[in-house]
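The block underneath contains the structure these notes are about, expressed in structure tokens.
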Amino acid sequence: GDSVTQMEGPVTLSEEAFLTINCTYTATGYPSLFWYVQYPGEGLQLLLKATKADDKGSNKGFEATYRKETTSFHLEKGSVQVSDSAVYFCALGMEYGNKLVFGAGTILRVKS
Amino acid sequence: DGGITQSPKYLFRKEGQNVTLSCEQNLNHDAMYWYRQDPGQGLRLIYYSQIVNDFQKGDIAEGYSVSREKKESFPLTVTSAQKNPTAFYLCASSIDGPGLAGFNTGELFFGEGSRLTVL
């Protein structure tokens with residue numbers, strides 16, 4: 001079945017460091033890919049998305065590129081801030097599917 | 001402000017009791033979802049509803065029940081048949097039902113969650 005695999009955390013970085021959180025997927029067909037973020041004590045919110053191969057999603061300084069050849073959608077940010085500390089979830093949704101499939105989530109901790 | 005409201009935020013239950021988690025949305029969304037979040041396992045879909053008076057089982061529906069009598073409301077009941085109910089429960093909604101429009105936009109709007117602990 002469809003699945004999403006994320007790098008295990010927690011990931012701990014100093015402020016202004018470069019961030020990469022790896023995400024790979026398995027799916028039949030052509031999924032859309034998403035990154036959701038969950039700040040402490042809150043629900044999830046959509047961070048960015050890409051709907052077809054080679055698309056780049058971006059928001060709040062975060063970016064991710066849909067790589068069909070490597071079935072990946074890695075999340076990157078050039079300079080993290082303490083306020084980026086959160087749990088990040090990679091997810092996929094099939095074009096005619098009926099639900100999102102989420103990865104296990106990666107905890108990011110940014111130190112000042 | 002538009003959004004999704006879940007209540008209660010924290011709930012304690014004795015073994016053998018049923019409990020109901022509330023989820024209300026004022027976004028005028030057609031579709032609503034319940035997910036369960038466990039440490040290290042991400043989110044797993046319990047039930048979803050695409051329209052009023054209709055709902056479908058997700059991946060882990062056993063021991064849970066739902067109703068969708070109103071567009072705004074999608075309560076989840078955790079029954080005594082659920083063997084391991086201690087978890088964080090998230091309700092979500094989306095503009096249209098998954099698959100109905102032929103394309104899943106993927107934008108779910110989540111509530112702040114309800115944490116259930118079985119004593």
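With each label modelled as a point 7 angstrom along the Cα→C-beta vector, the residue A:17-residue B:53 pair spans 5.6 nm.
Would you mind giving the mean number of other chain beta-carbons within 10 Å of the Cβ of each residue in A:39-47, as a whole number?
5
What's the FRET efficiency of residue B:81 with residue B:7 using the Cβ-Cβ distance as r and R₀ = 25 Å, to the nearest 0.05? About 0.60, to the nearest 0.05. Other residues within the sphere of radius under 14 Å centred on the Cβ of residue B:53, judged by their own Cβ, net out at -1 (K and R +1, D and E -1).
Bridging of residue A:56 to aspartates and glutamates at a Cα separation below 12 Å is possible for A:76, once same-chain residues fewer than 8 apart are set aside. For chain A, the relative contact order comes to 36 percent (Cα pairs under 8 Å, sequence separation of at least 6). Take every Cα pair under 8 Å whose residues are at least 6 apart in sequence, average their separation, divide by the length of chain B, and the relative contact order is 35 percent. Within segment A:27-112, the chymotrypsin sites (Phe, Trp or Tyr not before Pro) that combine a DSSP coil assignment with at most 14 other C-beta atoms in a 10 angstrom radius are A:96. A straight line joining the Cα centroids of segment A:43-112 and segment B:17-87 runs 25 Å.
Computed with the Debye formula from one identical point scatterer per Cα of the protein assembly as shown, without solvent, the log10 of I(q)/I(0) at q = 0.09, 0.10 Å⁻¹ comes to -0.37, -0.46. For chain A, dividing the convex hull volume of the Cα atoms by the residue count gives 93 Å³ per residue. In segment A:49-89, the C-alpha radius of gyration followed by the widest Cα-Cα span (Dmax) gives 11.2, 34 angstrom. The mean count of C-beta atoms from other chains within 10 Å of the C-beta of residues in B:107-118, rounded to a whole number, is 3.
Using a 10 Å cut-off on Cβ to Cβ distances, tally the other chain neighbours for every residue of A:99-106 and report the average as a whole number.
Taking all residues of A:99-106 together, the mean is 6.
When restricted to Cα atoms, segment B:1-95 yields an Rg and a Dmax of 12.8, 38 Å, respectively.
Take B:84-94, A:8-18 and order them by the average number of nearby Cβ atoms within 10 Å per residue, most first; the result is B:84-94, A:8-18. Placing dummy labels 7 Å off each Cα toward the beta-carbon, the span from residue B:22 to residue A:55 is 3.7 nm.
No value in this document is a laboratory result; all are computed from the given coordinates. Keep in mind that what you see is a predicted model, and the values were worked out from it rather than measured. Virtual Cβ from ideal backbone geometry, glycine too; neighbours counted across all protein chains shown.
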